[in-house]
Every structure is written in C-alpha cells, then in structure tokens.
1. Of the listed peptides 156-167, 107-118, 47-58, what is their order by residue-averaged count of other C-beta atoms within 10 Å, with the highest listed first?
2. Sort 193, 207 by Cβ crowding within 10 Å, fewest neighbours at the top.
3. Just the number: Rg to Rh for the range 88-199, Cα atoms, Kirkwood Rh, two decimals.
4. Counting only DSSP beta bridges with both residues in the chain, tell me the antiparallel percent, nearest 5.
5. Compute the normalised compactness of the range 1-43: alpha-carbon radius of gyration over 2.2 N^0.38 Å, N being the residue count.
6. Mind running the shape call on the range 45-150? Use the C-alpha gyration tensor, a ≥ b ≥ c as the square roots of the eigenvalues: rounded below 1.5 for a/c, prolate if a/b tops b/c, oblate otherwise.
7. Between residue 206 and residue 71, what FRET efficiency follows from the Cβ-Cβ distance if R0 is 25 Å, with the result rounded to 0.05?
8. If each residue of separation counts as 0.36 nm, what is the full-extension length gain between residue 15 and residue 191 once their alpha-carbon separation is subtracted?
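The numbers here are math on the coordinates, done by the rules we state, and not lab data. Note that the structure is predicted; figures quoted are calculated from it, not measured. Using ideal geometry, Cβ is built from the backbone for each residue, glycine included, and neighbour counts are taken over all protein chains shown.
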C-alpha cells in the first residue's frame with residue numbers, strides 16, 4: 001500500500017494533501033494520483049462494511065477526496081455541467097425519489113469527470129419524470145441511479161421504465177448503485193449494478209468507449 005493510499009485509508013487529511021502536493025511537484029500524472037486516492041477510498045468502504053469505520057468516517061473520506069480534486073482541478077480536464085440549464089452530457093447521475101443519500105453518487109461523478117466524461121449531477125430525491133426530462137435535454141447515453149433505501153426501489157423502477165421509453169439510438173443504458181444487488185437490478189430493469197464507485201466508472205468506460213491514460217495524465221479514446 002503506497003503512502004498516499006494509506007493516508008487516505010487512515011483519513012489523514014493533512015498528510016493526504018501534502019502527498020498530493022509532493023506528487024504534483026514530482027510531475028506525477030494527476031489521474032494516477034486520483035487512482036491512488038480512489039484505492040484508499042475503497043479501503044475506507046471495506047472498513048465501513050466490516051464495522052471498523054462509522055458513517056461519519058465515510059463522510060470524512062468523501063470530503064477529503066473532494067478536497068484532493070479541488071487541488072488537482074487545474075491539472076485535470078474536468079468540465080462540470082451547469083445545474084441551472086443542462087447542456088449536452090454523456091451521463092446523467094442522481095439519487096432517486098425518496099432518498100437523499102449522495103456520498104457514493106458524488107464520488108462516482110467526480111471520478112467520471114476526472115476521466116473526461118461530461119456528467120450532469122441531477123441531485124437527490126429526483127422524481128422519475130424529472131430524470132426523463134434531463135435525459136431528453138442532455139442527450140445522455142447513460143443514466144446512473146443511486147439508492148440506499150429499499151423504499152425508493154419503486155421510484156427507481158419507474159425511472160428505468162420511463163428511460164426505456166426514450167426513442168434514442170443506441171438506447172440509454174442504466175446503471176444503479178448503492179444498497180443494491182442482482183435481484184434489485186432485475187426488479188428495476190437496469191442494465192448493471194455496482195456497490196463501488198470504481199466499478200461504476202469501469203462500466204461507463206465500457207459503454208461509452210474505452211479510454212487510455214497517457215503518461216502525462218491526459219487520455220485518448222480507442
């Protein structure tokens with residue numbers, strides 16, 4: 001385990017930022033720095049699942065990661081989509097109606113933007129018809145839905161049903177995340193499900209076209 005990954009896993013904010021600064025001075029590719037931090041986040045998630053960390057620790061890890069991204073932003077091709085007026089986007093991502101959890105959603109969106117994808121953050125507690133309108137306005141090819149409450153699965157199912165009605169070619173792919181599994185995926189009619197942000201990024205890369213990181217931290221599409 002590298003020092004940056006370990007510092008992220010141990011939630012040592014000051015040390016994480018110091019190591020990020022050192023890596024930049026050494027001209028380390030920024031996307032490699034992001035990946036090390038993401039691996040640290042994965043360990044945090046594993047510790048949370050094992051009962052070693054609490055929800056407050058999970059929230060702190062997300063805040064540290066967001067701070068890292070703010071430091072790296074000038075070196076990354078991150079292009080947020082305006083929330084007031086949706087523009088063209090590759091992916092629409094949001095938490096479904098009846099749920100306000102957003103930690104996993106925010107981390108996934110940050111990672112996707114770091115890879116060059118245009119992501120529209122729909123927010124939390126979003127009704128199915130609003131998701132449909134955003135998909136129409138942005139022309140997104142992927143819809144990401146997050147939910148941690150079982151009571152919100154019906155809303156997720158309705159959202160997927162509406163997305164399937166769009167006359168887009170190719171059809172919109174639907175990825176769900178949060179407290180989900182294969183059974184939930186089949187119930188709501190999604191194309192794939194994930195529990196971990198990195199897995200979601202890998203699936204979006206596959207759906208939207210593989211991207212390769214250059215030594216200088218930029219990416220090319222193949």
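1. Per-residue Cβ counts within 10 Å, averaged per peptide and sorted highest first, yield 107-118, 156-167, 47-58.
2. Working: 193 22, 207 16.
By the 10 Å Cβ count, ascending: 207, 193.
3. On the way: Rg = 12.3 Å, Rh = 13.4 Å.
Reported Rg/Rh, Kirkwood definition of Rh: 0.92.
4. 15 percent
5. Working: Rg = 9.3 Å, N = 43, 2.2 N^0.38 = 9.2 Å.
Working it through for the range 1-43, the quotient is 1.01.
6. On the way: a/c = 2.55, a/b = 1.25, b/c = 2.03.
Oblate shape, in that a/c is at least 1.5 and b/c is the bigger or equal ratio.
7. Numbers: r = 29 Å, r/R0 = 1.17.
My answer for the efficiency is 0.30.
8. Working: separation 176, 0.36 × 176 = 63.36 nm, distance 3.94 nm.
Result: 59.4 nm gained on full extension.
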